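The values are calculated or read from the model by the stated rules, or taken from the named source; none is laboratory data. Keep in mind the model is a prediction, meaning the values are calculated, not measured. Cβ placement follows ideal geometry from the backbone for every residue including glycine, while neighbour counts extend to all protein chains displayed.
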C-alpha cells in the first residue's frame with residue numbers, strides 16, 4: 001500500500017538524520033475505503049493523487065503550527081504492507097484517507113519525496129496564516145488556503161533529500 005506522510009522541511013531533516021520516519025505512531029494518508037467512497041472514482045491514479053493532496057493539506061497544518069518552518073509543504077511517499085496501515089474510522093473531512101502506522105519506517109524505503117517549489121512559498125505562507133479563519137467558515141480565508149493547492153508538489157528521489165535541505 002502506498003502511504004503519504006506529511007512533514008515540514010525541518011521534519012524531513014530530522015528523518016534524514018535519523019534514517020527513519022518516526023516516532024510511531026505515524027499519521028499518513030492512503031487510498032482507504034472512505035476515500036474511495038468520497039472521491040467516487042475507480043481510477044487508482046486519481047485516488048492516489050487525492051491521498052497525496054490530503055497529506056499536502058496536513059503538511060500545511062504542520063507548517064502553520066511551526067512559525068520557524070520554511071513555507072514549503074513536504075510529503076514522503078512510502079510503500080508499506082497493507083497490514084502496517086490502519087485506516088482512521090469515519091468519513092469526516094478531518095480523517096478522510098487518514099491512516100496510522102504503528103511502527104517507524106526506514107527513510108530508505110521511501111518511494112519519493114514531494115515538496116513545493118520555491119515559488120510556492122508566498123502562497124503557502126498566506127494559506128498557513130489563513131487556516132484558522134478558514135476553519136471558522138471564512139470564505140475569503142478558504143480561498144487563500146485553496147491557493148496553496150494550486151501549486152503542484154514536485155517529485156524528488158530519496159537520494160535528493162540532502163539538496164532539499166540546503
request  = Can you tell me which residue within region 17-26, out of those that are surrounded by fewer than 17 Cβ atoms within 10 Å (Cβ to Cβ) and over 16 Å from the mean Cα position of the chain (by Cα), is nearest to residue 165 (Cα to Cα)?
outcome  = 17
task = Sort through 125, 129, 134 and tell me the only one that's farther than 29 Å from residue 80 by Cβ, without any contact (Cβ under 8 Å) to a residue 12 or more places away in the chain and part of a helix (DSSP H, G or I).
result = 134
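Could you tell me whether residue 145 is touching a strand residue (DSSP E or B) at 6+ places or on another chain (Cβ under 7 Å) and either farther than 25 Å from residue 39 by Cβ or surrounded by 15 or more Cβ atoms within 10 Å (Cβ to Cβ) (or both)? Working first, answer last.
Numbers: touching a strand residue (DSSP E or B) at 6+ places or on another chain (Cβ under 7 Å): no; either farther than 25 Å from residue 39 by Cβ or surrounded by 15 or more Cβ atoms within 10 Å (Cβ to Cβ) (or both): yes.
No; evaluated as a whole, the condition is false for this residue.
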Every residue from region 15-26 that is part of a loop (DSSP other than H, G, I, E, B) and farther than 17 Å from residue 84 by Cβ = 19
request  = Would you list the strands (runs of 3 or more DSSP E) that sit entirely within region 27-119 and hold 3 or more residues that are at pLDDT 95 or above, surrounded by 18 or more Cβ atoms within 10 Å (Cβ to Cβ) and in contact with a strand residue (DSSP E or B) (Cβ under 7 Å, 6 or more places away or on another chain)?
outcome  = 74-79, 110-115
